[in-house]
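Down below is the structure, laid out as structure tokens.
The values are calculated or read from the model by the stated rules, or taken from the named source; none is laboratory data. These numbers come from a predicted model, not from an experiment. Cβ coordinates were reconstructed from backbone atoms using ideal geometry, including for glycine residues, and neighbour counts include every protein chain displayed.
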Amino acid sequence: MFFAVQPGFSRFTYLLQDAERQPVGKLVWPDLALAMNSRLKGFVPEGLSQTVALEYLGRALTIEFEILGRSFGGNDYRFDLKEAGQVRASATVTQVPGWFQRPRIRITQPWPGDVLCARSLFSIRYEVTQEDRPLGAVFEPFGFRLKREWTLEFPETVEPATQFFLFFLVCNHAIR
């Protein structure tokens with residue numbers, strides 16, 4: 001089990017903690033997130049970060065994304081967790097037809113699965129499946145607060161970096 005806690009009022013940083021609440025890493029959103037196939041790459045001022053940074057026990061990973069399709073209702077994306085240029089995990093986020101529908105998150109690597117929203121009135125919960133079997137969950141048990149805290153519950157077989165990637169997908173999905 002891991003926890004992701006916002007320090008203070010920062011919307012763009014989460015401190016990652018293990019089950020004993022010891023710090024193990026950090027997830028930092030960039031100054032200006034740009035897709036790998038963005039048309040604006042030449043217009044970004046120098047010094048602004050463009051990828052999501054994930055630090056875990058001294059390992060430096062990045063989360064990059066690419067626009068797969070553009071439409072009036074929203075874009076479809078592919079997110080990749082990379083370490084030293086190698087893709088460690090990948091997922092697609094596609095728009096669902098209909099008004100007020102949240103996009104669908106489908107995990108493509110390291111296993112086929114889905115991230116499903118299971119909200120209740122006072123909490124936010126996402127279930128992660130592996131080939132249609134429940135695998136784990138990412139949830140915020142106390143609903144909306146100024147300082148957000150998420151819990152990541154997965155079996156030991158799921159690598160921690162992959163758990164943090166799934167947390168990023170959930171957080172990105174839940175907040176927008």
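Within segment 71-96, being over 22 Å from Val128 (Cα atoms) and not charged (D, E, K, R) holds for Ser71, Phe72, Gly73, Gly74, Asn75, Ala84, Gly85, Gln86. Among residues of segment 38-65 that are farther than 18 Å from Val93 by Cβ and among the small types (Gly, Ala, Ser), those with a beta-carbon under 6 Å from a residue that is assigned to a strand (DSSP E or B) and at pLDDT 65 or above at least six positions away or on a different chain give the pairs Ala53/Val28. Scanning segment 53-88 for residues that are in contact with a strand residue (DSSP E or B) (Cβ under 8 Å, 6 or more places away or on another chain), farther than 19 Å from Val24 by Cα and assigned to a strand (DSSP E or B) turns up Glu64, Phe65, Glu66, Ile67, Leu68, Gly69, Asp76, Tyr77, Arg78, Phe79, Asp80, Val87.
Pick from segment 10-58 the residues that are touching an Asp or Glu at 6+ places or on another chain (Cβ under 6 Å) and of a type in the set (Val, Ile, Thr): which of them is modelled with the lowest pLDDT?
Of the residues in segment 10-58, the ones touching an Asp or Glu at 6+ places or on another chain (Cβ under 6 Å) are 24-26, 35-37, 48-49, 51.
Imposing the further condition that a residue be of a type in the set (Val, Ile, Thr) reduces the set to 24, 51.
On the way: Val24: 95, Thr51: 80.
By that ranking, first place goes to Thr51.
For every residue, the table says whether it meets (1) hydrophobic (A, V, I, L, M, F, W, C); (2) under 28 Å from Glu83 (Cβ atoms); (3) crowded, with 18+ Cβ neighbours inside 10 Å; (4) at pLDDT 90 or above.
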{"site": "Gln101", "(1), (2), (3), (4)": "no, no, no, no"}
{"site": "Pro110", "(1), (2), (3), (4)": "no, yes, no, yes"}
{"site": "Ser120", "(1), (2), (3), (4)": "no, no, no, no"}
{"site": "Ser123", "(1), (2), (3), (4)": "no, no, no, no"}
{"site": "Val128", "(1), (2), (3), (4)": "yes, yes, yes, yes"}
{"site": "Arg133", "(1), (2), (3), (4)": "no, yes, no, yes"}
{"site": "Phe142", "(1), (2), (3), (4)": "yes, no, no, no"}
{"site": "Arg145", "(1), (2), (3), (4)": "no, no, no, no"}
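Within the bounds of segment 130-146, is there any residue that is among the aliphatic types (A, V, I, L, M), in contact with a Pro (Cβ under 8 Å, 6 or more places away or on another chain) and without any contact (Cβ under 8 Å) to a residue 60 or more places away in the chain? Working first, answer last.
Residues of segment 130-146 among the aliphatic types (A, V, I, L, M): 135, 137-138, 146.
With the extra rule that they be in contact with a Pro (Cβ under 8 Å, 6 or more places away or on another chain), the set shrinks to 135.
Filter once more, keeping what is without any contact (Cβ under 8 Å) to a residue 60 or more places away in the chain: 135.
Within segment 130-146, one or more residues are among the aliphatic types (A, V, I, L, M), in contact with a Pro (Cβ under 8 Å, 6 or more places away or on another chain) and without any contact (Cβ under 8 Å) to a residue 60 or more places away in the chain.
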